[in-house]
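Working notes, structure below.
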Amino acid sequence: MHKIPNVPLGKVQQRHVVRIFLPRLYSADSTTLISQEDLALIYDLCLRPTLAEVLPEFADRAPTSYAAAYTQSRTRSGGLAFNTLDVPWNRLEELGATLLTKLQAQKPAFRDAYFVHELRGTKGGTIHNRENDWERHMAFQDMFEHVEIDDLNPQEWLVDVALTVGVEGHVTTWRESCHQDLLRHLMPLACPRKVAALTRNKNKFHFDRTLQIKELAGFRATTSNFAGGDGIAYVQAYCTEKNVTYQLNPGVFRRRQLKELLDKKTEQKIVEDLDVMSQIFYECAGEGDVEGRDGCARLETHVPLDKAQDSLVTLPHELIERSVVAINRRIWW
């Protein structure tokens with residue numbers, strides 16, 4: 001689907017992206033990008049007139065043209081920082097229908113356009129107690145508040161279900177020796193020998209060592225089409241302490257190149273960055289005037305939509321206690 005030319009139009013909440021797909025621009029032989037000329041046509045002759053017709057109250061807010069909007073969004077560094085318009089929910093249906101009509105009439109290449117709703121990255125959006133049936137049901141309803149569940153094929157939709165294990169004042173992580181136990185519990189119908197073989201398959205199973213300590217490790221396992229996997233497509237076990245060093249853009253915790261040590265300027269910058277990193281870890285340990293930062297062991301599964309409400313419900317406390325280790329955060333950091 002991503003090869004069909006499309007334009008992001010807007011979003012619902014933080015991570016629900018609405019796109020306009022233009023199937024008549026699709027080419028099976030190559031990836032076709034929507035040209036700047038077509039983008040200008042879509043805004044100048046379709047989107048802006050739609051806003052003027054459906055939302056005349058926005059007449060003073062919408063840029064006069066695509067070129068004006070592009071100039072207004074350009075930053076000093078050459079990037080783009082986009083403005084947004086909040087559309088009232090009771091105008092959305094009319095806005096969508098009007099926009100598609102104008103696209104249809106504009107040029108043959110814009111005919112048969114349709115909307116696609118992309119939902120992704122809603123981690124932690126539905127926190128609940130796994131042992132409470134009502135909480136699990138309400139969390140599921142919240143997750144799919146904007147989706148007509150009855151119109152979906154549950155086997156074509158995968159839902160991430162996660163369990164977080166934490167101990168106050170500690171960093172909690174996984175034991176390598178219990179990886180097979182976790183997988184066998186999640187896939188009780190699978191042959192134990194095949195589960196053991198999966199953990200040795202380097203193409204489908206990957207260790208994530210913690211602090212280069214052999215006994216402490218998470219894992220990532222691809223289990224789609226796995227016999228006895230009960231539809232589970234993927235399993236991941238990791239420690240959330242990685243959030244301390246995780247950055248969306250290259251920053252102080254970025255991967256360093258060896259050549260940076262061979263230049264005096266970059267070498268000095270590395271030394272300065274080490275001081276910054278040390279201060280962050282110092283605060284995570286709870287030193288100084290801050291509370292400190294814990295880490296939790298997290299287990300995630302990708303399961304079909306119709307199994308989401310019953311996933312990770314029966315994970316025994318005994319298995320959890322045997323599979324994780326809690327280390328005082330001051331010692332860890």
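Here the relative contact order of the chain, from alpha carbon pairs under 8 Å that lie six or more residues apart, stands at 19 percent. The calculated FRET efficiency for the pair Arg322 and Glu260, based on their C-beta separation and a Förster distance of 41 Å, comes to about 0.45.
Evaluated with a Cβ-only charge set (Lys, Arg +1; Asp, Glu -1), the stretch 12-123 carries a dipole of roughly 360 debye about its Cα centre, given to the nearest 20. Normalised radius of gyration (Cα atoms, divided by 2.2 N^0.38 Å) for the stretch 117-263: 1.28.
Across the stretch 182-228, Cα-Cα pairs farther apart than 11 Å form 69% of the total. In the chain, taking the dipole from charged Cβ atoms about the Cα centre, the farthest positive-side position among Phe205, Trp157, Gly125 is held by Phe205. Which percent of the accessible area of the chain is formed by carbon and sulfur heavy atoms (probe 1.4 angstrom)? The value for the chain is 51 percent carbon and sulfur by accessible area. Each peptide among 187-199, 160-172 gets the average number of other Cβ atoms lying within 10 Å of its residues, and from highest to lowest they stand as 160-172, 187-199.
Of the peptides 293-303, 8-18, 245-255, the ranking by mean beta-carbon count within 10 Å, highest at the top, reads 293-303, 8-18, 245-255. Spin-label model, Leu85/Val17: points 7 Å from Cα along the beta carbon direction are separated by 2.1 nm.
Treating each Cα of the chain as an identical point scatterer and ignoring solvent, apply the Debye formula and state log10 I(q)/I(0) at q = 0.11 Å⁻¹. For the requested q values the scattering log ratios are -1.01.
Cross-link pairs exceeding 32 Å between alpha carbons, from the set Lys11/Lys102; Lys3/Lys204; Lys11/Lys202; Lys11/Lys259: Lys11/Lys202; Lys11/Lys259.
The values are calculated or read from the model by the stated rules, or taken from the named source; none is laboratory data. These numbers come from a predicted model, not from an experiment. Note that we place each Cβ from the backbone using ideal geometry, even for glycine, and neighbour counts take in every protein chain shown. Side chains are part of the model used for accessible areas, which takes the heavy atoms of the whole protein and leaves out ligands, DNA and RNA. Shrake-Rupley method; radii C 1.70, N 1.55, O 1.52, S 1.80 Å.
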